[in-house]
Amino acid sequence: MIRIPLILDAFLDIIYPRIYCILCGERLEKKALHGICNHCLESLPFIHPPRCAWCSKPVEGENAICQECRLYGHDYDQAVAVFEYSITMRELIHRYKYGREYSLSRTLGYFMRETLDKTAWNVDLIIPVPLHENRLKSRGFNQAALLAEYLSQRTGIPCRQDILIRRVDTKTQTSLSRHERTENLKDAFAIAGSGQDRIKDKHILLVDDVHTTGATADSCSKVLRQAGADKVYVLTIAAVL
Ligand SMILES: [Zn+2]
Ligand SMILES: [Zn+2]
């Protein structure tokens, strides 16, 4: 787990403000903590209201629930994503996740924090979607955990990475159908030993990078609820629409 760079990273905004736009490379006109120039900022695929009140994907009309949520439902209380999973976002997340550009957690975390501030959620504890230890070894870091730590540092809400664990090294979900995703994740997550005491009656914020069908978030939420969590909210960088 990369703990020390994380702590250093909290100070990077101050001691090492960004100079160039992370998307187009143009020099930033003024101090932009997220590291994106005004021109690129305008082109980012923010998801605007009206959104589904359950999964946050765009819908017609305020306070509506989208068809997928009506059909399948969710184990979480509410999920919100900052961006649509467009080509730009896919590339950016890819750079962060596989290109090991850890500092992009500051950019992505910045927008997640902004989105979190707009919710009415009263969060007690932040928990990232865990990686299996095999995946953690090969990737070197958990992309969700770095974002969860960023949010924790900026909001003061505690983050715990040792409560929710991934006990099955599930195969990649990319090519799987909704049903296959749910099957693939069956029993994948569990609560570690004494974790139950820490989440009982708590409002949990689950953090992940991409919300596709919500199968991962649902699977985690189910386990957290069974262990006594009162509410489970989900915040992701992007949602596949
Ligand atoms: Zn730019
Ligand atoms: Zn929905």
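FYI, it's all coordinate maths here, none of it is from the lab. Please read these numbers as outputs of a predicted model, since none were measured by experiment. When we count neighbours, we look across all protein chains shown, and the Cβ atoms used for this are built from the backbone with ideal geometry, even at glycine.
Students often check this: by mean Cβ neighbours within 10 Å, which of 79-86, 172-179, 63-70, 195-202 ranks highest, and how do the rest follow?
Answer by packing, highest mean first, reads 79-86, 195-202, 63-70, 172-179.
For the chain, what is the relative contact order in percent, using Cα pairs closer than 8 Å and at least 6 residues apart in sequence?
21 percent
Charges on Cβ only, +1 for Lys and Arg, -1 for Asp and Glu, centred on the Cα centroid of segment 34-155; of Tyr102, Thr115, Pro45, which one is farthest towards the dipole's positive end?
Tyr102
When the Cα centres of segment 83-129 and segment 191-241 are compared, how far apart do they sit, in Å?
16 Å
Identify the residues of segment 34-51 with backbone N under 11 Å of a label point that sits 7 angstrom from the Cα of Lys118 along the Cα-to-Cβ direction, or state none.
Output list for this probe position: 46-51.
On C-alpha positions alone, give me the angle between the axis of helix 87-97 and the longest principal axis of the chain, in degrees, nearest 10.
80 degrees
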